[in-house]
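Below: the structure, in structure tokens.
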Amino acid sequence: MAKITLQTPLTQEDALRLQAGDEVFLNGVIYVARDAAHKRFLGLLEKDLPLPIDLRNQIIFYAGPTPPKPGQIIGSIAPTTAARMDPYAPAMFEYGVKGVIGKGPRGQSVKDSCQNEKAVCFSAIGGLSALLSDKIQAAEVVAYEDLGPEAVRELVVKDFPALVVYDTHGNDLYEQEIAKYRTIKRRLSTI
């Protein structure tokens, strides 16, 4: 497990070198999109139509920010449950998205898609919305403004923290950590 600083957009080489458990600090542009935007994205992809913005090699953050207070770039922002985007993630990875940020485990189709499409699933820690919003230097709605808090936003981030949970090699951080816990538990039960 390494600490890695990455500049977006991600290259395939960036995605390939990441391992489950790596701590990553992202710099550059990431995009915020949730369920409603993903449903629209999938509808366009199914009709072989272009998306409103080019998300190839980009990272999508599954979040819904609160409105900013005066003087703020963005309000509090935290990851939403990533599994809600499982119906859309494989198609988004096939399209060319290189990474997504959410919280919690994903389904097998998403894990397989990470390996097949050379994409990465990151986790951001929920409950740290003030810290995460401090890592955002600029925010702008770039698509689906009618969705309000679920509009697609472009964020410029500096040292935005994320943890690799599923990598391009088929590794699953959740499974690895559960296995470690079980080993420790067995050792302790023999004492």
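When K103 is tested against (1) in contact with a Phe, Trp or Tyr (Cβ under 7 Å, 6 or more places away or on another chain); (2) basic (K, R); (3) surrounded by fewer than 21 Cβ atoms within 10 Å (Cβ to Cβ), only condition (1) is not met.
When the range 3-32 is filtered for residues that are under 18 Å from Y95 (Cα atoms) and out of contact with any Pro (no Cβ under 9 Å at 6 or more places or on another chain), the ones remaining, listed by number, are T8, P9, L10, T11, Q12, E13, D14, A15, L16, I30, Y31.
For the condition in contact (Cβ under 8 Å) with a residue 60 or more places away in the chain and either exposed (fewer than 14 other Cβ atoms within 10 Å of the Cβ) or acidic (D, E) (or both), Q108 does not qualify.
Being at pLDDT below 95, under 18 Å from D22 (Cβ atoms) and aliphatic (A, V, I, L, M) is the filter here; which residues of the range 98-131 pass it? Answer for the range 98-131, where residues must be at pLDDT below 95, under 18 Å from D22 (Cβ atoms) and aliphatic (A, V, I, L, M): A124, I125. Exactly one residue out of S113, S123 is under 14 Å from F25 (Cα atoms), surrounded by 16 or more Cβ atoms within 10 Å (Cβ to Cβ) and polar (S, T, N, Q), and it is S123.
Would a scan of the range 116-124 turn up a residue that is among the small types (G, A, S) and more than 23 Å from D86 (Cβ to Cβ)? Talk me through it step by step, then tell me what you get.
To start, the set of residues in the range 116-124 that are among the small types (G, A, S) comprises 119, 123-124.
Now restrict to residues that are more than 23 Å from D86 (Cβ to Cβ): none.
No; the residues of the range 116-124 include none that is among the small types (G, A, S) and more than 23 Å from D86 (Cβ to Cβ).
Answer yes or no as to whether V152 is surrounded by fewer than 20 Cβ atoms within 10 Å (Cβ to Cβ), β-branched (V, I, T) and modelled with pLDDT of 95 or more.
Details: surrounded by fewer than 20 Cβ atoms within 10 Å (Cβ to Cβ): no; β-branched (V, I, T): yes; modelled with pLDDT of 95 or more: yes.
When the stated conditions are applied, V152 does not pass them.
Every listed requirement among (1) touching a residue at least 60 places away in the same chain (Cβ under 8 Å); (2) under 24 Å from N171 (Cβ atoms); (3) out of contact with any Asp or Glu (no Cβ under 9 Å at 6 or more places or on another chain) is met by G28 save one, (2). Residues of the range 93-116 being out of contact with any strand residue (DSSP E or B) (no Cβ under 7 Å at 6 or more places or on another chain) and over 13 Å from L10 (Cα atoms), which ones? Scanning the range 93-116 gives E94, Y95, P105, G107, Q108, S109, D112, S113, Q115, N116. Of the residues screened, E177 is not one that is of a type in the set (D, E, K, R), modelled with pLDDT under 95, closer than 16 Å to P79 by Cα and out of contact with any His (no Cβ under 8 Å at 6 or more places or on another chain).
Considering only residues that are at positive phi and over 13 Å from the mean Cα position of the chain (by Cα), look in the range 49-98 and name the one that is surrounded by the most Cβ atoms within 10 Å (Cβ to Cβ). Show your work before the answer.
Initial filter on the range 49-98 (at positive phi): 57, 71, 96.
Still in the list and also over 13 Å from the mean Cα position of the chain (by Cα): 71, 96.
On the way: G71: 5, G96: 15.
Checked the range 49-98; the qualifying residue surrounded by the most Cβ atoms within 10 Å (Cβ to Cβ) is G96.
Per the listing Y95, Y88, the residue uniquely at pLDDT 95 or above, hydroxyl-bearing (S, T, Y) and under 27 Å from S133 (Cβ atoms) is Y88.
The values are calculated or read from the model by the stated rules, or taken from the named source; none is laboratory data. The model shown is predicted, which means the values in this text are computed figures rather than measured ones. Cβ atoms come from the backbone with ideal geometry, glycine included; neighbour counts cover every protein chain shown.
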